[in-house]
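Report on the following structure.
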Protein chains: 2
Amino acid sequence: MTTGDRTIHRKATGFRWDGVAELPYKEDDRALFKSITRQVLFSDPEMRGELRYFEVAPGGFSTLERHEHMHAVLILRGRGHCLVGGEVKPIDTRDLVTVPPLTWHQFRATAGEPLGFLCMVNAARDKPQLPSAEELAALQRDARIAAFLRNEPR
Amino acid sequence: MTTGDRTIHRKATGFRWDGVAELPYKEDDRALFKSITRQVLFSDPEMRGELRYFEVAPGGFSTLERHEHMHAVLILRGRGHCLVGGEVKPIDTRDLVTVPPLTWHQFRATAGEPLGFLCMVNAARDKPQLPSAEELAALQRDARIAAFLRNEPR
């Protein structure tokens, strides 16, 4: 999807932008994600990358997933924790997070405040894969990852 | 140039980042730019876009240039003004600026404070073109652009 909006100047009001739709993710019974919205800031046929802004409400989280394409993340607002591969990290405003190919990852707003982040991706990219029950169990065998997935990061 | 650094978490300290070099632009006699530094935040062979952070000290400015590739800009710090094509705009923190192909553009820290911005570009891109004397004169025939280029935006 490209928006192709070439308006030269789009003003910010807090963490919303002129002419940019805020897309809620529909909550689903599988609880794959919670309380997260998405805004596509830059997407154009001439650009090989896209820049999106995601915001997770306190206690919410992004989808636990992996894919061939990479994520390049800059925390724009607040604090929280992320899981990338086998690592759980506390993250703070302006920190950078790199998600390599085919690496399980998730962002959680664990600090009682919204967690907002920019995410650069390739415009042409593969679909995310969700963990199977076996893959989830394998992740949970690591006590630190299990605590993160319970929203109780250490 | 790609850095290919896949360190998962790089902490920010103010507007500097762990493991990211701050590249000053050498000032030159032509005064094509002034008091600007660059940090490459994300650049990887697997990513078709790059994300850079530029910071202009008060009174400084980026190069007045154009090129086939686009710029997708988010103001990360401070306020200032930008020129994009025929338009001069005041810009503030988190505002978005789109620079279409082959469009003259420049960013100026006109507010007595540093102006810092993220800029997403295609990893594969053409070299910037500088204005000829004739092209500069044509831009200056617009009173508002001339004032901007004198660092006195209206």
Next on the checklist: Would you confirm whether or not segment B:41-48 contains a residue that is surrounded by fewer than 19 Cβ atoms within 10 Å (Cβ to Cβ), touching a strand residue (DSSP E or B) at 6+ places or on another chain (Cβ under 7 Å) and either of a type in the set (A, V, I, L, M, F, W, C) or within 8 Å of another protein chain (Cβ to nearest Cβ) (or both)?
Outcome noted: no
*Confirm whether B:Arg52 is among the basic types (Lys, Arg) and not in a helix (DSSP H, G or I).*
yes
Looking at the structure I just gave you, is B:Asp18 of a type in the set (Asp, Glu), over 15 Å from the mean Cα position of the chain (by Cα) and buried (at least 17 other Cβ atoms within 10 Å of the Cβ)?
no
Subset of segment A:58-78, residues within 12 Å of chain B (Cβ to nearest Cβ) and touching a strand residue (DSSP E or B) at 6+ places or on another chain (Cβ under 8 Å), comes to A:His67, A:His69, A:Met70, A:His71, A:Ala72, A:Val73, A:Leu74, A:Ile75, A:Leu76, A:Arg77
Going through segment B:71-109 in order, the residues found to be surrounded by 23 or more Cβ atoms within 10 Å (Cβ to Cβ) and not in a strand (DSSP E or B) are B:Ala109
Residues of segment B:114-131 being under 20 Å from B:Cys82 (Cα atoms) and not in a loop (DSSP other than H, G, I, E, B), in sequence order, are B:Leu115, B:Gly116, B:Phe117, B:Leu118, B:Cys119, B:Met120, B:Val121, B:Gln129
Scanning segment B:121-154 residue by residue, the ones that are among the polar types (S, T, N, Q), touching a residue at least 24 places away in the same chain (Cβ under 8 Å) and surrounded by 14 or more Cβ atoms within 10 Å (Cβ to Cβ) total 2
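Of everything in segment B:79-98, what is facing another protein chain (nearest Cβ under 8 Å), among the aliphatic types (A, V, I, L, M) and under 12 Å from the mean Cα position of the chain (by Cα)? Give them in sequence order.
Within segment B:79-98, the first condition is being facing another protein chain (nearest Cβ under 8 Å), and the residues that meet it are B:82, B:84-85, B:87, B:89, B:91-98.
The next check asks that each one be among the aliphatic types (A, V, I, L, M); those that pass are B:84, B:91, B:96-97.
Scanning segment B:79-98 gives B:Val84, B:Val97.
We did not get these values from a lab; they are worked out from the coordinates using the rules stated. These numbers were taken from a predicted model, which means no experiment stands behind them. For neighbour counting, all protein chains shown are included, and Cβ atoms are generated from backbone atoms with ideal geometry for every residue, glycine included.
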